[in-house]
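The values are calculated or read from the model by the stated rules, or taken from the named source; none is laboratory data. Keep in mind the model is a prediction, meaning the values are calculated, not measured. Ideal geometry is used to build each Cβ from the backbone, glycine not excepted, and the neighbour counts take in all protein chains shown. Just the protein is used for accessible areas: all its heavy atoms, side chains included, with ligands, DNA and RNA removed. Shrake-Rupley method; radii C 1.70, N 1.55, O 1.52, S 1.80 Å.
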Amino acid sequence: AGIDQIGNIKAGTIVIDSSNDVGTAVRAFRDGRIQYRVGSSNYVAKELKAKTTSFDGIETSNLVIDSSNDIGSVVHVFEDGRFQYRVGSSNYVTKNLSPQVSEYKGLKAGLIVVDPSDDVGKINFVFRDGRVSYKVGSSNYVSSQLSKEVDSHPTYQKGLIYATSSYAAGKAIRFFENEKVQLELLGGGTAVGKELFVAVNEVAGYKPELVI
């Protein structure tokens, strides 16, 4: 015989089973089993968990990042800490998600950053575990090792000409918290360096002639 409810599950409750399939409860039985529908198929099981409003601060529709650095949106939150989330047009289930936050250690959306490969980009999203989605050119990347732009540098000055260790010379246009500097190269393009040299117009007593 059927009963109205088992635990948090009653007819119409969104549930998840032991295979991570998400469905809707149809009816509950006195022996603890529940009939539920996944798509167009009906099943009966005891090991079901009900949808809830939030778990560990993560709620439906939150932007999240998974263990593969894929970014998606939460579809359902379940009482045992599993989440169904959507990346593109596909749904997945996991317990291991980190939600978007407004700021993490001074990093927030819109800031200019430099990554460990010396690529300069702009932050898209920041997540609770310190991972950051950022854009370089037209491509998006994820890293937890970014340094944000700052106004000044303890050694160098904006607007002056410096050279990198590979002899690329340019004007200092950006400074970063990790003391790296972005140069606008005299020959076009940009470069990032940390150990820079002041560009001089006199070497070993030789001065280039002034051309008028």
For the range 73-135, with equal point scatterers placed on the C-alpha atoms only and solvent neglected, what are the log10 I(q)/I(0) values from the Debye formula at q = 0.14, 0.23, 0.25 1/Å, to two decimals? -0.51, -0.94, -1.00
Rounded to whole Å², per residue accessible area for the chain with a 1.4 Å probe reads 59 Å²
Can you tell me which lysines have their Cα less than 21 Å from the Cα of Lys10? Leave out same-chain residues fewer than eight positions away. Lys46, Lys49, Lys51
Project the alpha carbons of the range 1-119 onto their principal axes and report the range along each, largest first, in whole Å. 66, 23, 17
Computed FRET value (nearest 0.05) for Arg37 with Glu184, which takes r as the C-beta separation and R₀ as 45 Å: 0.15
Quick one: in the chain, what % of C-alpha pairs are over 22 Å apart? 63 percent
